[in-house]
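All remarks here apply to the structure that follows.
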Ligand SMILES: Nc1ncnc2c1ncn2[C@@H]1O[C@H](COP(=O)(O)OP(=O)(O)OP(=O)(O)O)[C@@H](O)[C@H]1O
Ligand code: SF4
Ligand SMILES: [Mg+2]
């Protein structure tokens, strides 16, 4: 277990390093609008500009620039090229919003996907199974921001059932928090429900033909118990890994489209807006954050695997 | 990372998920019997017919534009008036509301705020979206197959480097990477050896989408190559003195084909979706060039004044992507009769 | 004679496939009495499992079609709805499967799977059920540690003992053992067979033993039903069938089994050819294509009739004296051709 964690930690450091290099180079091969000028602001003096240039290493090679920027990432001194705001603070402001979106949506999509996938597997070959399968295909075929915009317009603006975007902290007013998040949760979940229910459906159908399911029936268990205790648990394994990864990605700001269309102002939206302004530091920070969550959740998934399936031993992963 | 976008293959235990060849190393059913199964599936035929219709419509865009609508996808008609039910109406009203569907030749599906004909733009936009989707999927396949072949054939450090490279792209949130690349390329253009792409070239979204999706295709294919590498026929070919390229090309590649064929429709579907997402975030197709993505972006921004602007391109996109997904499912069922029941 | 535990009359099972309807089982009838072991033998694909699973309702599906009747006491198994069948599964009728590894849920502890079987039918506390399951598992020869083990941590023989414990958990009157020893190696096979023999003594359960191994039949069974291509071709006591076999297919089986037909380790005579397709209507005796003794009468389907004596039935047109003459080859029973009948 210890060596497993150590290996995962080493892998994470490597991935984060590679990702930061990748991000840094994407934005440094292009003309970048002299960041020192942008950072110094409108009332700049040549001395200020020079000081910033020195501090960030803009007058030196790429490697030095990268090293200085990375040091600032870890000391929390990273500031935006665009308006000089502190990236760390901006991210901390966005994280609760992103987390709220991620946690709610992840629970919603997992629960509904399990229900839908199980139903369409059990009903396969009948009209109802076909219909649920068709629903899932439509779910994976719709752009999130389009669904989100339509929901916002019809349910929010026209019907007045939901607020038009925005976010209220959970600590301030839990009801308003949920009220603001219902549409984003739903929009983001639609896609995942489609993906997961399809994966679950085929794994349930595979599991149902296993001998041990026949054994469970031979014991005289009710069909519901057979499904839940014997079919479902064994079928969950593939979607648990998907779930961990997608959840990790959304936690790290991966749900850019949902955050943007509902104007949640989470870290994903922050990153997208920063890219638009060729503002490298926030993009760098959010990308690393995203990759961090992906790698962490990946590790959690591996542990979950071992919990779900006793044949897998953590030490051997 | 595939958030919000991709229909991923389920993962296996250990390592980074999606690594094993699950579902890709298909028992290659004889192509003819697979085709017969495919043709026997009503939903496959329906999806194929729908796609053919959409492609035909996109091809016929100039015909409709010239002979029916009498305009181009870029022409503004803000101050024009159009005859609807005997009355002349503003294409765009003085307070900026564009006309809705007229259901006749001119402005069949209405106009946008610039007074451009939505139907015409939808057809031309379909050309762009479909072209970008197909081109990106093919480029992804090309890059992925090359990577998988080289990594899986040579193994050792070559594989180590390539596989870790794929892992890095894969751990990068999909849309973030797409937007970052799209923006950077749009600002600076791209120079790949002799090929130079201007910032507003349509080849840029193709390139971006292709690169972003490479790991999703390369990782499972690499697993397949690693497995095939161990098989007798590869050893036999090598024993007869076949070189690396020969073995990869004529021994391993043919066995990858079913896997590639299964993934292609899904790749096109995902590429079309990603084009739309990138365009929505301003990092895809550059206006005024129409694509379903840019049109949805326009429409979403003006959904309060003119719903049809968002609905028309969105529906086209959903239809196309759904048809591709259904076709992809059926192709998989046909090539691998044991996986799931098809209808 | 007591009334039978299980009475099967004219059982037919067919499956809809892409090529047409496959008749897996055709007009099969037999009875199973208390404390009796009835073996169904036949080569792979004969329909043995389809028959056994039909009794437990485990192969019910939209494509499966059943005919005839099977009585478990007063209950007609083929006619009752799933819910009623569920109540007798595990309690009155339990299954011991062929491959204990795939038949055990890999993610549940062995003991929990036995407990689950108990609690499916009886209102017992989890605690009491655990105690009982533990005792039951020890009584079938499992070490105490097996209770908390996962299936992959147990050996093949231990897994089969877990399955047996699970089957016994509600004291069933009928045990259906579908090739219970096929997946085990020889020494373990003997142990499991001994355990089944002991169980029959101790619990008085009737055992329906499905197998293709005549050695297993000899070790355990009282009566045998030989199945060929979906139909029973010979039934009788083990003694009758082994020493006075009436059907050429039975001769073949006996001849190809070492250590049974008085052979001294000579070459085995496997039966040449393959069973007929079961798609269309029958064209006479189903064994015709492989039978060296085929003659004109064989163009019609023979009935399963008691031709030699009460209780011993077969499905072959040859006269009894001819059968006795033709099955012997140098003192051992077999199917070698010796002249074609007129
Ligand atoms: N669910 C099913 N669908 C279609 N055909 C089936 C089904 N179950 C069994 N069959 C067919 O019925 C026939 C009898 O199968 P069965 O499994 O009963 O044979 P068996 O005697 O148990 O053989 P084995 O010794 O291999 O277990 C076979 O031809 C098989 O292909
Ligand atoms: S009926 Fe005829 S064909 Fe059939 S087993 Fe007897 S002799 Fe052979
Ligand atoms: Mg069987």
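The table below lists the values:
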{"read-out": "Alpha carbon Rg of region A:119-172, scaled by the compact-globule rule 2.2 N^0.38 Å", "value": "1.66"}
{"read-out": "Value at 222 nm in deg cm²/dmol, rounded to 500, when DSSP H runs of n ≥ 4 in chain B each add -39,500 (n - 2.57)", "value": "-19500 deg cm²/dmol"}
{"read-out": "With Cα atoms, 0 to 90° folded angle of helix B:118-154 axis to chain B main axis", "value": "10"}
{"read-out": "DSSP-defined antiparallel bridges as percent of all bridges, the protein assembly as shown, nearest 5", "value": "70"}
{"read-out": "Other protein chain Cβ atoms within 10 Å, averaged over every residue that makes up B:312-323", "value": "3"}
{"read-out": "Length-normalised contact order for chain B - Cα pairs under 8 Å, 6+ apart - percent", "value": "25"}
{"read-out": "Region C:61-181 - convex hull of alpha carbons, volume per residue in Å³", "value": "123"}
{"read-out": "Quarter of the Cα convex hull surface for region C:1-129, i.e. its orientation-mean projected area (nm²)", "value": "10.3"}
{"read-out": "Gaussian network model of chain B, springs between alpha carbon atoms under 10 Å - residue of B:163, B:301, B:135 with greatest fluctuation", "value": "B:301"}
{"read-out": "Estimated Rh, region C:116-247: Kirkwood, alpha-carbon pairs, angstrom", "value": "16.3"}
{"read-out": "Among C:144, C:69, C:167: highest mean-square fluctuation, GNM of chain C, C-alpha pairs under 10 Å", "value": "C:144"}
{"read-out": "Dimensionless Rg/Rh of region C:78-138 - Kirkwood Rh, Rg from C-alpha atoms", "value": "1.00"}
{"read-out": "Per residue, the convex hull volume that the Cα atoms of region B:20-155 enclose (Å³)", "value": "182"}
{"read-out": "Folded to 0 to 90 degrees: helix B:42-59 orientation relative to chain B principal axis, Cα", "value": "50"}
{"read-out": "Pairwise FRET efficiency - residue C:138 versus residue A:10, Cβ, R0 = 41 Å, nearest 0.05", "value": "0.30"}
{"read-out": "Mean shadow area of region A:94-313 over all directions, Cα convex hull, nm²", "value": "14.5"}
{"read-out": "From the C-alpha gyration tensor of chain B, square roots of 5λ in Å", "value": "43, 23, 16"}
{"read-out": "FRET efficiency for residue C:288 and residue C:182, using Cβ-Cβ distance with R0 set to 41 Å, rounded to 0.05", "value": "0.90"}
{"read-out": "With Cα atoms, 0 to 90° folded angle of helix B:174-188 axis to chain B main axis", "value": "70"}
{"read-out": "Structure-based [θ]222 nm, chain C - -39500 (n - 2.57) summed over DSSP H runs of at least 4, per residue, nearest 500", "value": "-8500 deg cm²/dmol"}
{"read-out": "Over chain C, relative contact order from alpha-carbon pairs under 8 Å, at least 6 apart, %", "value": "19"}
{"read-out": "Cα→Cβ-extended label distance, 7 Å offset, between residue B:103 and residue C:16, nm", "value": "4.3"}
{"read-out": "Ranked list, fewest to most other Cβ atoms within 10 Å of each Cβ, for A:211, C:321, A:173", "value": "C:321, A:173, A:211"}
{"read-out": "Residue-averaged 222 nm ellipticity for chain A, from DSSP H runs of 4+ at -39500 (n - 2.57), nearest 500", "value": "-23500 deg cm²/dmol"}
{"read-out": "Gyration tensor over alpha-carbon atoms, chain C, equivalent ellipsoid semi-axes in Å", "value": "37, 23, 17"}
{"read-out": "Rg/Rg_ref, the protein assembly as shown, where Rg_ref = 2.2 N^0.38 Å and atoms are Cα", "value": "1.16"}
{"read-out": "Highest-fluctuation residue, B:327, B:263, B:192 considered, GNM on chain B with Cα pairs under 10 Å", "value": "B:192"}
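Since every read-out is calculated from the coordinates, none of them should be taken as a lab result. Just so it is clear, the structure is predicted and the values come from calculations on it, not from any experiment. As a convention, Cβ positions derive from the backbone with ideal geometry for all residues, glycine included, and neighbour counts pool all protein chains shown.
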